[in-house]
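Notes to accompany the following structure.
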Amino acid sequence: MTSPLHAAASTVLLLAAAGAAGCTRPPVAALTGPFCAVAGTGAPLDATASRPGRLPIETYRFDFGDGTPALISRADRAVHIYREPGDYEAELTVADREGAASVARVTVSVKPDYPSCGVVPTGVPRVEVGACATDGLLDCLLDVGVAPAEGETSAGVVVTNTGTVALDVTASTVPGTSFRVDPEGEVALAPWQAARFEVTFTPRPGQPGRVQEELRLRDSRRALGLDGLVVVLEGTVDGEVFPRLRAEPVRCRLAAVPVESTAPCPVTLRNTGNTGLQVDRLQLATGSTAGWTLPDAVLPLQLAPGAAATVTILMSVDHAGPQRGALQVFSNDPLRPQLDVALDADVVDLPPVPRIRVVAVNGAPWSPGQALAPLDDVLLDAADSTAGRAGRTVTAYAWELAARPDVSGATLASATATRTWLRFDSSSMERPGMDVAGRYVVRLQVTDSEGLPAAAPAELVLDAVPAAALHIQLTWEDPDVDLDLHLIKGGFDNAFSSTLDCNFDNCDTGGGLPWTDHPAANPRLNLDDTRGLGPEHVFIAAPDAGRYSVAVHFYDAHGQRDPLVRARVRVFVRGELALDAVRQLSPCKVLWEAATVDWAAAPVVSAVSAVRLTGRGACQP
């Protein structure tokens with residue numbers, strides 16, 4: 001049997017493991033995205049809520065769950081196009097440079113169209129262009145490459161619709177120039193869909209070594225401006241001797257850098273010319289924030305044609321906020337002696353980390369893998385939660401019972417204490433425990449001494465699974481009546497027999513009703529609710545072969561005159577739900593036979609729904 005404690009995502013389990021290890025502190029993966037996407041359009045997956053551990057996050061691996069290759073990137077976002085409708089489990093793995101890693105998963109439900117997702121695409125249009133170095137669609141340059149004097153070369157511009165409304169995009173070059181674009185007509189882009197425009201450079205006779213012209217992008221919603229967006233196209237004619245400097249990337253972006261940590265931003269400098277390139281000087285542009293630093297570099301840097309070298313800029317500050325700047329590279333490239341690389345980092349405070357620990361079950365220490373059953377009293381503790389930064393403490397706890405079975409009335413004993421447990425009302429008394437079979441989801445959010453909340457709550461799943469081979473559960477929907485659960489040996493005709501009918505009157509003490517000399521084969525009622533919504537439970541650990549009837553008696557209306565009450569019976573066989581029966585009961589003193597159980601090697605549970613008016617009960621005439 002699997003453990004009754006499950007994390008809602010694997011990140012919770014890894015948090016617990018990291019806390020136990022106490023030394024490596026791996027990064028924590030967090031993945032969000034559209035739980036519903038449309039086939040053929042881009043589905044954005046967002047890992048920005050992932051948090052570094054002892055070291056910064058080095059790589060993000062996105063596995064989309066549809067059989068396509070995984071994407072391994074330094075970027076904390078990905079857009080994937082699912083081709084066919086269906087449910088796909090997307091998986092994110094984050095790792096630091098030493099290999100410490102964690103995993104998070106979301107299920108993406110892919111539908112054939114937007115109405116199937118319950119979405120009508122509306123909102124402000126937004127476009128991203130891959131050739132632009134900075135936010136706001138600025139510094140847009142496409143280096144198409146080097147072409148022979150009588151040949152051609154090409155490169156692509158990727159345009160992504162990052163808004164929530166469909167739009168049409170067109171790309172054009174000046175007719176008669178050295179550059180052409182394909183496709184030339186309108187391209188329809190749904191939200192989060194991307195298109196690639198291929199730009200081809202064909203030198204004209206007598207053109208100089210480097211050629212610059214323009215590509216203009218326009219869209220139907222004017223997200224790219226009234227006159228569109230201009231991307232500078234640059235191509236080089238082979239034949240002349242000159243160096244050429246290219247930087248990759250043209251914009252270095254770091255997301256979610258923890259305060260007081262150091263995050264690297266590697267920039268590759270490449271010589272795409274046909275003679276030696278010399279980089280004479282590297283510096284940070286005036287106005288760059290103080291967190292950026294340049295490591296010592298051996299200058300001048302000599303790069304042969306086709307060679308490359310990597311320069312790593314570091315970001316480290318002791319406070320949260322955006323950090324902006326630019327790396328300036330000076331070289332002997334005759335047409336671009338100074339090249340700027342935009343630097344962009346979001347430095348975030350380290351939030352506290354919530355952790356839930358099961359302390360005890362029914363007063364005894366809990367063991368990992370220990371099964372849980374209905375009525376078990378589970379004590380939960382948040383003391384293992386930690387602050388994200390030294391000198392801070394966790395000062396506030398917020399517990400939430402996020403989910404419970406549909407017939408459960410359980411609540412948490414405390415929403416703000418370090419420890420809490422589940423409880424419910426029975427016979428006008430508060431009792432600890434999970435009142436019915438099913439799944440309970442408990443969440444914990446914490447806040448540190450500076451008022452900073454955790455990035456995401458911890459979540460714990462408790463599965464209450466009946467342990468007995470035969471387990472019957474009764475609940476009802478009127479708190480002012482008393483219904484009684486009966487398990488009858490030999491059939492319905494033996495109802496109210498003092499020896500063959502297990503009910504509140506004879507079955508809730510000691511070992512239950514002694515049907516046999518084997519205690520495991522005897523029934524037992526372990527809860528009788530005289531005024532409330534239930535539940536009542538009857539179980540047999542190991543039933544003898546034979547027929548059993550499951551019945552519900554309308555015992556008392558507590559002064560009401562023949563109210564109509566909705567009763568629900570669930571029968572579990574070896575932990576699995578075998579029958580779920582519902583009936584409206586009236587008048588008082590009626591007896592409902594809900595089911596029969598023919599116990600054998602393969603038990604058979606059958607719905608019956610027979611009723612009989614009895615003279616038994618405490619109802620007033």
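The values are calculated or read from the model by the stated rules, or taken from the named source; none is laboratory data. Since we're looking at a predicted model, the values are computed, not measured. Positions of Cβ are generated from backbone atoms using ideal geometry, with glycine treated the same way; all protein chains shown enter the neighbour counts. All accessible areas refer to the heavy atoms of the entire protein, side chains included, with ligands and DNA or RNA removed. Shrake-Rupley method; radii C 1.70, N 1.55, O 1.52, S 1.80 Å.
The strands (runs of 3 or more DSSP E) found wholly in segment 61-177 and carrying at least 2 residues that are at pLDDT 85 or above and touching a helix residue (DSSP H, G or I) at 6+ places or on another chain (Cβ under 7 Å) occupy 101-111.
Only a single item in (1) open to solvent by 10 Å² or more (accessible area, probe 1.4 Å); (2) under 28 Å from L339 (Cβ atoms); (3) polar (S, T, N, Q) is not met by S178, and it is number (1). When the test is whether a residue is open to solvent by 70 Å² or more (accessible area, probe 1.4 Å), modelled with pLDDT of 80 or more and of a type in the set (K, R), R204 passes it. The strands (runs of 3 or more DSSP E) found wholly in segment 461-534 and carrying at least 1 residues that are in contact with a Pro (Cβ under 8 Å, 6 or more places away or on another chain) and under 20 Å from G433 (Cα atoms) occupy 470-476, 524-527. Report whether or not L527 is under 30 Å from E430 (Cβ atoms) and either surrounded by fewer than 18 Cβ atoms within 10 Å (Cβ to Cβ) or touching a Lys or Arg at 6+ places or on another chain (Cβ under 9 Å) (or both). The answer is yes for L527. The single condition among (1) open to solvent by 10 Å² or more (accessible area, probe 1.4 Å); (2) more than 27 Å from A618 (Cβ to Cβ); (3) modelled with pLDDT under 95; (4) touching a strand residue (DSSP E or B) at 6+ places or on another chain (Cβ under 6 Å) that A520 does not meet is (4). Is it true that D562 is within 25 Å of A373 (Cα to Cα), open to solvent by 60 Å² or more (accessible area, probe 1.4 Å), out of contact with any His (no Cβ under 7 Å at 6 or more places or on another chain) and in a loop (DSSP other than H, G, I, E, B)? In short, no. Against the list (1) touching a residue at least 40 places away in the same chain (Cβ under 8 Å); (2) under 40 Å from the mean Cα position of the chain (by Cα); (3) open to solvent by 50 Å² or more (accessible area, probe 1.4 Å), the condition G534 fails is (3). Of all residues in segment 247-288, exactly one satisfies the criterion of being under 24 Å from P203 (Cα atoms), modelled with pLDDT of 85 or more and open to solvent by 50 Å² or more (accessible area, probe 1.4 Å), namely R270.
The residue of segment 151-167 that is nearest to the chain's Cα centre (by Cα), among those that are under 19 Å from W192 (Cβ atoms), open to solvent by 50 Å² or more (accessible area, probe 1.4 Å) and of a type outside the set (G, A, S), is T164.
Scan segment 433-459 residue by residue and report those that are part of a strand (DSSP E or B) and crowded, with 18+ Cβ neighbours inside 10 Å.
Quick first cut of segment 433-459, residues part of a strand (DSSP E or B) only: 438-448, 453, 458-459.
G438, Y440, V442, R443, L444, Q445, V446, T447, D448, A458, E459 - these are the residues of segment 433-459 that are part of a strand (DSSP E or B) and crowded, with 18+ Cβ neighbours inside 10 Å.
Scanning segment 78-106 for residues that are free of Cβ contacts under 8 Å to residues at least 40 places away in the same chain and surrounded by fewer than 18 Cβ atoms within 10 Å (Cβ to Cβ) gives G86, D87, E89, G99.
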